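K.L.:
Mind looking over this structure? Questions follow.
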Amino acid sequence: MEEDQVQESTELARIVVGVDNSECSMTALEWASREAKLRGAALEIVHVRQFRSVLDELVPDYARWEQGRLDRAASKAREWEPEVQVSGRIADPPAAKALIDRSEGAAMLVVGSRGLGGFKELELGSVSHQCVLHARCPVVVIRPALESDVSPADAPER
């Protein structure tokens, strides 16, 4: 029994981040990478396949293309924080369910919010909203930068 306790205590905490290669999800990946370094945690990148059954049949290299997207995200995370242990996982849709499932036992779930807002969000459903409601760990939602978030010193000259 003591051996199991020792093994559990040496396991790294795990931060899960969802990526779809949108600008906002890449910002979430960068944030999660840095947070993993600060916490001494491992980083698990989850990419949810889109339209799996249809595209697998129509596009023979689709699975390889999806894997390439995940590999590029993992490379970027390693570039930002080389000492963080990074793993990747391709999950089947729907995205919210896949991320909520991976949140089990995680220290944190990080997702981007594309900020669809209003009717579109109600119509499409919000992955980040579902994660906040149902994840099995704390959730951090990274919002896209708004023009009003830019300080006057950082604003481009006109």
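Only the coordinates and a few stated rules stand behind these numbers; no lab work does. Everything numeric in this text was worked out from a predicted model, so none of it was measured. Cβ: placed from backbone, ideal geometry, glycine included. Neighbour counts: every protein chain shown.
K.L.:
Taking the Cβ of residue 101 as the centre, find all other residues whose Cβ is under 11 Å away and add up their charges (Lys, Arg: +1; Asp, Glu: -1).
P.N.:
Around residue 101, the charge tally is +2.
K.L.:
Got a sec to turn the phi values of the stretch 25-35 into Karplus ³J(HN,Hα) couplings, 6.51 cos²θ - 1.76 cosθ + 1.60 with θ = phi - 60°, whole Hz, x for Gly and Pro?
P.N.:
My calculation for the stretch 25-35 gives 5, 6, 5, 4, 4, 4, 4, 5, 4, 5, 5 Hz in order.
K.L.:
For 84, 16, which order do you get if you count the other beta carbons within 10 Å of each Cβ and list the fewest first?
P.N.:
On the way: 84 22, 16 29.
Lowest count first: 84, 16.
K.L.:
What residues have an amide H closer than 5 Å to that of residue 88, excluding those fewer than 5 places away on the same chain, when H is modeled at 1.01 Å from N in the peptide plane?
P.N.:
The list, which skips near neighbours in sequence, is 45.
K.L.:
As a footprinting exposure proxy, order 128, 25, 113 by other Cβ within 10 Å, with the fewest listed first.
P.N.:
Values: 128 26, 25 23, 113 20.
Ranking 128, 25, 113 by Cβ neighbours within 10 Å, fewest first, gives 113, 25, 128.
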